[in-house]
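A.B. asks: The structure under discussion is supplied below as structure tokens; questions concerning it will follow.
The values are calculated or read from the model by the stated rules, or taken from the named source; none is laboratory data. Being a predicted model, the structure only gives us computed values, none of them experimental. Because the Cβ atoms are built from the backbone with ideal geometry, glycine has one as well, and the counts that use them run over all protein chains shown. Each accessible area value is taken on the protein alone, full model and side chains, heavy atoms only, with ligands, DNA and RNA left out. Shrake-Rupley method; radii C 1.70, N 1.55, O 1.52, S 1.80 Å.
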Amino acid sequence: MKTLLIGGGGREHALAWKLMQSELVSDLICAPGNAGIAQICGCVDIAANDIIGLLALIQREKIDFIVVGPEDPLALGITDMAQDLGIPVFGPSQAAAQLESSKAFMKDFCKRHNIPTAAYDVFTEIKPAKAFLKTLSAPYVIKTDGLAGGKGVAIPETLAEAEAELDAYFDGKFGEAGQRVIIEEFMHGEEASFFAITDGKDCVSLIAAQDHKRVGEGDTGPNTGGMGAYAPAPIFTKEVEGAVMKDIITPTVKGMAEEDIPFCGVLFAGLMITNDGPKLIEYNIRFGDPECQVVMRMLESDLAELLLAAAKGELSKAPAPKFSAAPTANVVMCAKGYPGKYAKGTSIKNLEPAQESQDGVLIFHAGTKYDEEQGLLSNGGRVLNITAQADNLKDALDQAYAAIDQIDWTDGFVRRDIGWRALK
Ligand code: AMP
Ligand code: GLY
């Protein structure tokens, strides 16, 4: 089966690594890929949001199956267009992708189907928005409706700061996306990222991981795409998993089908584990990054078989996915300055010796490129994923950091406290 994987981050390197282990995959092409993915399969320099370029590639290469990594091509309708060509796609339709691309859709959907989430209201005008703020207590949660590159969420501590933030949203801080604003109740608890696969009718649970969103140690500083992840998360007990499947995932799959927008793909539930049980913060319609790298290292079953069964609506016929119990971590190495301004094109050396020095370490590339003369270069904010697997989480993290200390990249940095919740 000639397979196309769309995307070029650490998530896609992990997906490519796992897809290449499947006997079902005879040939894998990745668009656009990165320097690490290019070591294991062919890469084509077409951006993940270049839908026209991707469709041409799909037809030219006679692709049999498509796996979509990031949300942009899904929100742009790549699945609908490829299905019109008769090609199975792992990833939801444009309409179903609204679960991530419109927070207002997601929140209203949860209300219709009784799915536990924070109380909220949606506003297109500043006056009623400010009046609603006054009915809540600090801290406040303010979000843009549309996609804002992961930056559209503000959590001001005081009413005055919240009002100033609302002014900025309506003054165009996020352009169009900021003209429809959601204000939510703040939920207290610990966060977890949970993943389930669905074909639109049936669903199976994968595992939960914990991300580290802030750039600084001790969860300080600005939000990032994610600085590291690990699994299993002690907070995510079997009881919590049962409640998430029963109260959140299953009603979502059923609700989407009832509303005639069946969701096929991976449901990534961003959860708050509160004293009243798990509640949904948000849905993403793709694997999390850096969580996916951990999930892929722990997955023992055939990924291609699972994703193809979901894409074809035959999930009930596929064997249930099996996971290793060995704790696994992923520490993200970033370019200095990230998530603000950072340099690209800085030299990275000694990667292979660093990986080979530790038994349980496997390095996935994110923003990297290869230059004939200069060798491996950084090409983004999040650049490398140092994953490690061991008998316990502490050993896995020690191995990851020991490998990191051997990587020769003066422009890189990591958070040194990945996994602190589980280790404490
Ligand atoms: P989101 O982009 O919706 O995932 O929000 C980004 C981050 O803001 C989440 O990972 C949470 O840490 C935080 N957050 C969002 N909504 C809430 C909420 N209602 N209560 C508490 N924290 C929240
Ligand atoms: N790690 C969070 C995300 O992928 O959105």
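A.B. asks: As an exercise: evaluate GLY277 against (1) open to solvent by less than 10 Å² (accessible area, probe 1.4 Å); (2) at positive phi and give the number of the one condition it does not meet.
C.D. replies: For GLY277, the failing item is (1).
A.B. asks: In the same structural domain as PRO290 (by TED's automatic domain parsing), open to solvent by 10 Å² or more (accessible area, probe 1.4 Å), in contact with an Asp or Glu (Cβ under 7 Å, 6 or more places away or on another chain) and aliphatic (A, V, I, L, M): is that true of ILE261 in this structure?
C.D. replies: No, not satisfied.
A.B. asks: Right, something else. I need a count of the residues in the stretch 134-150 that are surrounded by 15 or more Cβ atoms within 10 Å (Cβ to Cβ) and under 25 Å from the mean Cα position of the chain (by Cα).
C.D. replies: 9
A.B. asks: In this structure, does ALA104 turn out to be under 30 Å from SER137 (Cβ atoms), part of a helix (DSSP H, G or I) and in contact with a strand residue (DSSP E or B) (Cβ under 7 Å, 6 or more places away or on another chain)?
C.D. replies: Taking the combined requirement at face value, the residue satisfies it.
A.B. asks: Now a separate question. Can you tell me which residues in the stretch 138-164 are outside any loop (DSSP other than H, G, I, E, B), touching a residue at least 24 places away in the same chain (Cβ under 8 Å) and not small (Gly, Ala, Ser)?
C.D. replies: VAL141, ILE142, LYS143, THR144, VAL153, LEU159, GLU163
A.B. asks: Could you check the stretch 401-424 and list, in sequence order, the residues that are open to solvent by less than 60 Å² (accessible area, probe 1.4 Å) and closer than 21 Å to GLN39 by Cα?
C.D. replies: Hits for the stretch 401-424 are ALA403, ILE404, ILE407, TRP409.
A.B. asks: Under the condition of being under 29 Å from ARG421 (Cα atoms) and of a type in the set (A, V, I, L, M), which residue from the stretch 163-193 is surrounded by the most Cβ atoms within 10 Å (Cβ to Cβ)?
C.D. replies: That would be ALA192.
A.B. asks: Within the stretch 1-56, how many residues are within 16 Å of ligand 2 (Cβ to nearest atom) and either closer than 18 Å to GLY380 by Cα or open to solvent by 20 Å² or more (accessible area, probe 1.4 Å) (or both)?
C.D. replies: 10
A.B. asks: Sticking with this one: Restricting the stretch 202-229 to residues that are touching a Cys at 6+ places or on another chain (Cβ under 9 Å) and outside any strand (DSSP E or B), which is least open to solvent (accessible area, probe 1.4 Å)?
C.D. replies: Only one residue fits best here, namely MET227.
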